[in-house]
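The values are calculated or read from the model by the stated rules, or taken from the named source; none is laboratory data. All values derive from a computational prediction rather than experimental measurement. Neighbour counts are summed over all protein chains in view; Cβ atoms, including those assigned to glycine, are modelled from backbone coordinates with ideal geometry. SASA here: full protein model, heavy atoms, side chains in, ligands and nucleic acids out. Shrake-Rupley method; radii C 1.70, N 1.55, O 1.52, S 1.80 Å.
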Amino acid sequence: MLITSYNPTQLGDTLIAILRPDVADQTVESHANVTRISDAETGKTLGYNFFEVSKTLGQLDVNGQVHLTADQVDQLNTLLKANDFEPDLEFDATPKFVVGHVDSAEAHPKSDHLQITKTDVGEDQPLQIVSGSPNMQADILVVVAKVGAMMPDGLIIWPGELRGVESDGMIVSGRELQLPNAPQKPGALILPADYQPVGEPFDFERAQTLFTA
């Protein structure tokens, strides 16, 4: 699954596609202007570097995250095939920042400040998300950064564990979302109960005035 792509201007005409979390033991293989990074143990693709990408996609003119279209992903797969790589990129248009409802919040058995939440994001099953927010509690409306989300500071959200408990996503603060006038301290962004339906993409434009006096 194609998680995130970005084109840092400091690296020149380069697109970096990140498919899976980083692993310690990697294999790097380059053909022409494409480099594949894979898990040395399993052979699974971790990511690609596409150099001189404008020859394939045209000028991106983006410094940061790039939201590729389905056609652009197809073009990259064609490029991979032409360079003797498996065309394994998949288009992913699902929203990564969504409104969630914290159904339950229980104390982490190995921590005095973490809580294990079951958070409804409009899917078949709620997400289990471990949160360290001091204001975390059940029955609140929050913003969830799902697996694959890129935060405004460039951090990518991957599945993981916190003190032995699986966590799939992150309940975020206004500060982490870099919303204007957000409190510069830890704490989940608690939305008004009628702000947006659960599972909807979080409305960043509307949120620009959440913390106005």
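Working carefully through the options Thr119, Thr78, Thr94, find the one that is polar (S, T, N, Q) and touching a Leu at 6+ places or on another chain (Cβ under 7 Å). If you could, list the steps in order and put the result at the bottom.
Working: Thr78 fails: touching a Leu at 6+ places or on another chain (Cβ under 7 Å); Thr94 fails: touching a Leu at 6+ places or on another chain (Cβ under 7 Å).
Step by step, each of Thr119, Thr78, Thr94 is checked, and only Thr119 is polar (S, T, N, Q) and touching a Leu at 6+ places or on another chain (Cβ under 7 Å).
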Show the residue pairs that are 6+ apart or on different chains and have beta-carbon atoms under 6 Å apart, the first residue being within the range 133-162 and surrounded by 14 or more Cβ atoms within 10 Å (Cβ to Cβ), the second being modelled with pLDDT under 90 and part of a loop (DSSP other than H, G, I, E, B). Gly148/Ile3; Trp158/Pro21
Is it the case that some residue within the range 190-208 is open to solvent by less than 70 Å² (accessible area, probe 1.4 Å), touching a residue at least 40 places away in the same chain (Cβ under 8 Å), closer than 21 Å to Pro134 by Cα and not in a loop (DSSP other than H, G, I, E, B)? yes
Spot the failing condition for Thr27; the list is (1) closer than 25 Å to Gly164 by Cα; (2) modelled with pLDDT of 95 or more; (3) exposed (fewer than 13 other Cβ atoms within 10 Å of the Cβ); (4) not small (Gly, Ala, Ser), and only one is missed. (1)
Return the residue satisfying two criteria in turn: it lies in the range 111-121 and is free of Cβ contacts under 8 Å to residues at least 24 places away in the same chain and part of a loop (DSSP other than H, G, I, E, B), and of such residues it is least open to solvent (accessible area, probe 1.4 Å). His113
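Determine whether the range 122-130 contains at least one residue that is among the small types (Gly, Ala, Ser), in a loop (DSSP other than H, G, I, E, B), closer than 18 Å to Glu106 by Cβ and open to solvent by 40 Å² or more (accessible area, probe 1.4 Å). Steps first, please.
Of all residues in the range 122-130, those among the small types (Gly, Ala, Ser) come to 122.
Okay, now just the ones that are also in a loop (DSSP other than H, G, I, E, B), so 122.
Add one more test, that the residue is closer than 18 Å to Glu106 by Cβ, and what stays is none.
Within the range 122-130, not a single residue is among the small types (Gly, Ala, Ser), in a loop (DSSP other than H, G, I, E, B), closer than 18 Å to Glu106 by Cβ and open to solvent by 40 Å² or more (accessible area, probe 1.4 Å).
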Let me spell it out: the conditions are (1) more than 13 Å from the chain's Cα centre (by Cα); (2) not in a loop (DSSP other than H, G, I, E, B), and Val144 meets all of them except one. Which number is the exception? (1)
As an exercise: evaluate Glu86 against (1) farther than 26 Å from Glu161 by Cα; (2) touching a Pro at 6+ places or on another chain (Cβ under 6 Å) and give the number of the one condition it does not meet. (2)
Only residues that are open to solvent by less than 40 Å² (accessible area, probe 1.4 Å), within 20 Å of Arg20 (Cβ to Cβ) and aliphatic (A, V, I, L, M): list them for the range 53-110, please. Val66, Leu68, Val73, Leu76, Leu80, Leu89
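In the range 163-172, which residues are over 15 Å from Phe202 (Cα atoms), open to solvent by 30 Å² or more (accessible area, probe 1.4 Å) and out of contact with any Gly (no Cβ under 9 Å at 6 or more places or on another chain)?
The first filter runs over the range 163-172 and keeps only residues over 15 Å from Phe202 (Cα atoms), leaving 163-168.
Applying the additional criterion that residues be open to solvent by 30 Å² or more (accessible area, probe 1.4 Å) yields 163-164, 166, 168.
Matches in the range 163-172: Arg163, Gly164.
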Do the conditions hold for Ala182, that is, is it part of a loop (DSSP other than H, G, I, E, B), of a type outside the set (Ser, Thr, Tyr) and exposed (fewer than 15 other Cβ atoms within 10 Å of the Cβ)? no
Are there any pairs, at least 6 apart or on different chains, whose C-beta atoms fall under 8 Å, with the first in the range 78-90 and in a helix (DSSP H, G or I) and the second β-branched (Val, Ile, Thr), and if so, which? Leu79/Val34; Leu79/Thr56; Leu80/Val34
Outside any strand (DSSP E or B), touching a strand residue (DSSP E or B) at 6+ places or on another chain (Cβ under 8 Å) and among the small types (Gly, Ala, Ser) - does that describe any residue in the range 91-98? no
